[in-house]
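Here the structure is laid out as C-alpha cells; the discussion comes afterwards.
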Amino acid sequence: MAGSSELWGRWGDFGKYNARGIKGGEALIQELNRIVHSSGIASPVTSDRGLRARLRYLDSEAGREALAQQGVKPRALKSWMEGRARPSKKSRERIDNAYWQRRRANLIRSGWLKRHLDNNGAGRRMEIYPVDQTHVDEKRRRPGLSQRSITVRYIWNDLVDAYADQNDDLMDEIWDDVITDLDSDYAAYAYVASVGIGA
C-alpha cells in the first residue's frame, strides 16, 4: 500500500490543469456529515417547530455548554425556553450549530454511527465519483476514470474514531485502504468529486 503522501503525489500538482475534486478523506467527512444530518430533526431551525425541537434537544448541561460555545448567553437562552423572546436569525444559526454539534457527538458516543455503518459486519455499499475533468484539456485528462461501486467492510470503527477526533491524516489513510481494493489504477481515485455511502 502506498503511503498517503505518495498517493496524493501521483496526481502531481492536483488542479493545475483544472481538474476539480477533493481528497478522498475529505469526501468521507462530507458524507458522514450528510448521514448525521439525515438522522436529525427534519424541520429547519427557521421554523417554530424546528426551533422548539432543537431547544428541547439542547436542554441539558452538555447542550447548554454547546450553546455557550456558539456564543449564546444564559439569559437569552432562558427567555427563549420560556417563550418570552424569539431568537434572531443569527441566534437561530447558533442554536442550529450547537444542535448539530451535540447530535454528532451523541451519535458517536452512543455507538449508533459505528453500528449503522458496520451493518452487522455486512458493511455498506460505497459509490465513488471521480474528479470532474470536463474543464481539463483533452490531452491532459486522466483516462479511464468512471464511477465505481464497492462494498466496504472493516473500516467503520476506525473511520468513526477518526471522524470524532477530526483526524484528517487518519481519514486519508483509511481512504487509501478503501481504494486499494479498486484495481491497479487506484491512485487515480486519491482525489474524487464525492462519495456516497448507502446508509
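Neighbours of Arg148 by Cβ distance under 13 Å: Lys/Arg scored +1, Asp/Glu scored -1, total -3. The residues of segment 16-146 present an accessible area of 60 Å² per residue when probed at 1.4 Å with all protein chains retained. Recomputing Cα extents along the principal axes in Å from the coordinates shown identifies the correct label among (i) 59, 33, 30; (ii) 44, 36, 31; (iii) 64, 40, 25 as (iii).
Across the accessible surface of segment 19-139, with the other protein chains kept in place and a 1.4 Å probe, carbon and sulfur atoms take up 47 percent. Summarise the long-distance tail of P(r) for segment 18-99 by giving the % of C-alpha pairs beyond 19 Å. That tail contains 44 percent of the Cα-Cα pairs. The residues packed around Gly83, meaning those with a beta-carbon under 13 Å from its beta-carbon, carry a net charge of +3 if Lys and Arg are +1 and Asp and Glu are -1.
What number do you get for segment 53-98 when its Cα radius of gyration is normalised by 2.2 N^0.38 Å, N = residues?
0.98
The values are calculated or read from the model by the stated rules, or taken from the named source; none is laboratory data. Here the structure is a predicted model, which means the values were calculated and not measured. Cβ atoms come from the backbone with ideal geometry, glycine included; neighbour counts cover every protein chain shown. Calculation scope for accessible area: heavy atoms of the full protein, side chains included, ligands and nucleic acids excluded. Shrake-Rupley method; radii C 1.70, N 1.55, O 1.52, S 1.80 Å.
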